[in-house]
């Protein structure tokens, strides 16, 4: 099975997730800056979730550049990941509407954690297909991927102390992923050079 | 007519169906785990419908790998299938909001049944196009495809006894389809090998 | 400018239009067949608009198979068509919520008329690009395309007498378009054969 | 990294933004032309935002035809642009629901301004990748691109005097961009001719 249609479907789902979250932003009832400020928590959670979906899309994109064919395991591993990502609009809206209350922030963190575990399982499934060993080589020690679940757990724990501490950790993890990661690009460049020699 | 644009359009529609169902999940009004538990039926019906759309996407993907060109009959057979699938967000939301009442569960089963019949008709339409005989060969006896409508009918009947029995049957059919099905992959591998000899 | 990305964008917009209309279907408040019957007008208007968007997608697909490159005029002619099609969810919902009242049915007919005019203008724009003469040849007299605006006008006029008469005409036009139309396919087949000679 | 998947994802997001804005149009409660007239401001703001998203899609399309590969900077520059565009449904709905009140019109202008700045930054990021110098050459002095932010600022300023003056300026900028712009097409044609010599 070629990866092209799997990528196209995932792109579609991710594009919709990232965009429909804006439908959850409530339009202010009064035409004043004061009323707009009431949407500020909605705006911040929207921004955070937008960045997370962007990170997943970008990493997903890299991951499937290495392999050319996938099997049923990868296909369902991918749908598993999309399932947890598709709950972002729901958990994001709850965090927003409760103005960063403890339980919604914890549930948001659990959502991030389950998406990270789904992503990790998908990587393991890809390692097993033809060409998948290349991805393992490209990722190297994969420090960020291994650290993320523990950082989410830390954020969930801190949210019990104070919700804003949890949100802070989740934001820092997003920033950590935003720092450019050229592992897969470097691997592909190296492979291309090797092919030319 | 090439299949590529038909596949792209179907991917788009399926990606939207699978994602907008999350908009029907009502955000809990209180920031408590107790309030979240009130969304549990919504979460379960969302999961079931997500898996069903995933199964249809996966099977759709396989089906169109065998043929390269389609005619108007296949095009409208495909839109017919998409029509019944597009009603999933509606019937899913009704099952959820009524907390698994009898009539909504029966209607959900009828929706599953009509989608299965539309899928079966689409297969028949594909058998008739150039290269379509290959799909018939690849599917073999097609036990799952033939059993599904009868299982849905059983589920609909049992829902009259107790709604949860119907939901149980619909869940078991989904699990049956999740078990990997390598018929089309095997057929394509065999054809590839034959071509190399 | 190649047509591939224009087709991909149009597929995306049409896929969303055809799918979000289901969000306008109101979930019945009671879990009874009687309450579901109250959604019947919504279901019928949804079906009619689904078929119309399907017809436009199918014709759009054929139209762009003939040409390979487009200019700015075609690009904006295409966006013009998508604009009127994007209002279908709005006018469809109004017809539904008013239970087929006169004004909403007339406005729905005007929407169909404006979409047909936009489609016709897009065809004229395509005739002028390189390869576009082939489309003119393929369409021949284009009886359906020329008759449709007058049929919509008739439907709008009859809706002033009785709304259901207007809806009847709009449904008959949809059925007329559903009858397979092999003009473009025949043209492409003929061109292919000529190329092989 | 090839541009194809970045273009596909952007097409998806832009297709959704342009289409979901119609969900913000409120269906009139009475089946009369008078009630429909109450939706007129919604219709006008929808049209303006539709044209703006269309312009961004068209320019985006041209921009990525010149380069073939992008890096992480371009990828995040693109997501940055999509973020501001994804807020259009929100700011458009606010302008509509407040019937062109001052603050919402100013905020809409700020949204246009931030999208324009994001677009400009994305151009700068593309100039730096391989083949990106071609885009700089193709754009030439880029009068429209440089004038737009100042025109938005003027519109924002005038909105403080009278909101409709701001809307007028934003509409004029849209019309300015609608006037065909053949710079990139001319550059590509010239390059093609040069390659044939």
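The values are calculated or read from the model by the stated rules, or taken from the named source; none is laboratory data. Keep in mind that this is a model prediction, so the values were computed, not measured. FYI the Cβ positions are ideal-geometry reconstructions off the backbone, even for glycines, and counts take in every protein chain you see.
Data overview
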| read-out | value |
| --- | --- |
| Every pair of residues 6+ apart whose Cβ atoms lie under 6 Å, when the first sits in region C:2-15 and is more than 8 Å from chain D (Cβ to nearest Cβ) and touching a residue at least 12 places away in the same chain (Cβ under 8 Å) while the second is outside any helix (DSSP H, G or I) and surrounded by 21 or more Cβ atoms within 10 Å (Cβ to Cβ) | C:3/C:70 |
| Test: residue in region D:129-142 that is touching a helix residue (DSSP H, G or I) at 6+ places or on another chain (Cβ under 8 Å), farther than 14 Å from residue D:66 by Cβ and surrounded by 14 or more Cβ atoms within 10 Å (Cβ to Cβ) | no |
| Selection status of residue D:129, over 17 Å from the mean Cα position of the chain (by Cα) and over 17 Å from residue D:44 (Cβ atoms) | yes |
| Test for residue D:89: is it within 14 Å of chain C (Cβ to nearest Cβ), part of a loop (DSSP other than H, G, I, E, B) and either touching a residue at least 12 places away in the same chain (Cβ under 8 Å) or surrounded by 17 or more Cβ atoms within 10 Å (Cβ to Cβ) (or both) | no |
| Only listed residue being surrounded by 20 or more Cβ atoms within 10 Å (Cβ to Cβ), within 11 Å of chain B (Cβ to nearest Cβ), without any contact (Cβ under 8 Å) to a residue 24 or more places away in the chain and part of a helix (DSSP H, G or I), chosen from A:95, A:107 | A:107 |
| Of all residues in region C:66-75 being buried (at least 19 other Cβ atoms within 10 Å of the Cβ) and in a helix (DSSP H, G or I), the one that is nearest to the other protein chains (Cβ to nearest Cβ) | C:75 |
| Qualifying residue in region B:77-85 (condition: out of contact with any strand residue (DSSP E or B) (no Cβ under 7 Å at 6 or more places or on another chain) and away from chain C (no Cβ under 12 Å)) | no |
| Flag for residue A:117 being away from chain B (no Cβ under 11 Å), surrounded by 18 or more Cβ atoms within 10 Å (Cβ to Cβ) and in a helix (DSSP H, G or I) | no |
| Residue C:93 being modelled with pLDDT under 95, closer than 19 Å to residue D:30 by Cα and in contact with a helix residue (DSSP H, G or I) (Cβ under 6 Å, 6 or more places away or on another chain) | yes |
| Every residue from region C:19-28 that is within 16 Å of residue C:96 (Cβ to Cβ) and either crowded, with 22+ Cβ neighbours inside 10 Å or at the interface with chain B (Cβ under 8 Å from one of its Cβ atoms) (or both) | C:20, C:21, C:22, C:23, C:25, C:27, C:28 |
| Residue match in region D:31-54 (condition: in contact with a helix residue (DSSP H, G or I) (Cβ under 7 Å, 6 or more places away or on another chain), within 30 Å of residue D:187 (Cα to Cα), assigned to a loop (DSSP other than H, G, I, E, B) and more than 8 Å from chain C (Cβ to nearest Cβ)) | no |
| Count - residues of region D:156-181 that are closer than 18 Å to residue D:60 by Cα and either touching a strand residue (DSSP E or B) at 6+ places or on another chain (Cβ under 6 Å) or not in a helix (DSSP H, G or I) (or both) | 3 |
| Residue within region D:144-155 that is farther than 16 Å from residue D:21 by Cβ, within 14 Å of chain A (Cβ to nearest Cβ), at pLDDT 95 or above and in a helix (DSSP H, G or I) present | no |
